[in-house]
Amino acid sequence: MADWLSTIYPWTKSLHVMAVIAWMAGLFYLPRLYVYHAERGMGPSEPQDSLRIMEEKLLRVIMAPAMIVTWGAGLCLVLTPGIVDWSLAWPWVKAASVLAMTWFHHWLAVQRKALANGRSSGGRRYRMMNEVPTILMVLIVVSVIVKY
């Protein structure tokens, strides 16, 4: 299996990067939709229905598959011989950050259901939580590029 993973390494890495980009785009955009929903779309109006559809489709059709592909390709990269040196700090920082990113994804899914049921944590909370993927992205990119 190791030889096979080494052979397809460039393809796996490409797939991983593309999936991460799609997942991150959703992680950046969905909290912003929640801000709009919480602040402007809580009444019985068309914007609420449109926001609900946008949120659900973004989470289910784009973000969930992108997260699954990110994880799958990432695990293939981890299993590829010579790619990860677990004696360094960077793979641990990346792993912890990816777990936190996955938690955030699931938190967004819970918030979508709450908003769909007319409950909101408030626009301010969603604005603050919108910074979480940025912080995690910085940790991941720096750890992978610098490899400390």
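Just to confirm a number: summing +1 for Lys and Arg and -1 for Asp and Glu over residues other than W86 whose beta-carbon lies under 15 angstrom from that of W86, what do you get? Please report the intermediate quantities before stating the final value.
Values: positive: K94, K147; negative: D85.
It works out to a net charge of +1.
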Open item on the list: Within a 10 angstrom radius of the beta carbon, how do I21, I140, I62 rank from fewest other beta carbons to most?
Closed with: I21, I62, I140
TODO: Find the lysine pairs in the chain meeting two conditions, Cα atoms under 18 Å apart and a separation of 8 or more places or different chains, and report how many there are.
DONE: 4
Open item on the list: At 222 nm, what value in deg cm²/dmol follows for the chain if DSSP H runs of at least 4 each add -39500 (n - 2.57) and the sum is divided by all its residues, to the nearest 500?
Closed with: -26000 deg cm²/dmol
Task: Options M67, V20, L108, ranked by Cα towards positive dipole end of region 2-146, top entry (Cβ charges) - done: L108
- [ ] Using the Karplus curve 6.51 cos²θ - 1.76 cosθ + 1.60 with θ = phi - 60°, work out ³J(HN,Hα) for each residue of region 106-113 in order, rounded to whole Hz, and write x for Gly and Pro.
- [x] 5, 4, 4, 5, 5, 5, 4, 5
Task: Cα-centre dipole for the chain with unit charges at Cβ (Lys and Arg positive, Asp and Glu negative), debye to 20 - done: 360
Open item on the list: If packing is taken as the average number of other Cβ atoms within 10 Å across a peptide's residues, how do 67-74, 9-16 rank, most packed first?
Closed with: 67-74, 9-16
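Each reported figure results from applying straightforward, stated rules to the coordinates on display, with no laboratory input. Worth saying up front: this structure is predicted, and the values here are computed from it rather than measured. Because the Cβ atoms are built from the backbone with ideal geometry, glycine has one as well, and the counts that use them run over all protein chains shown.
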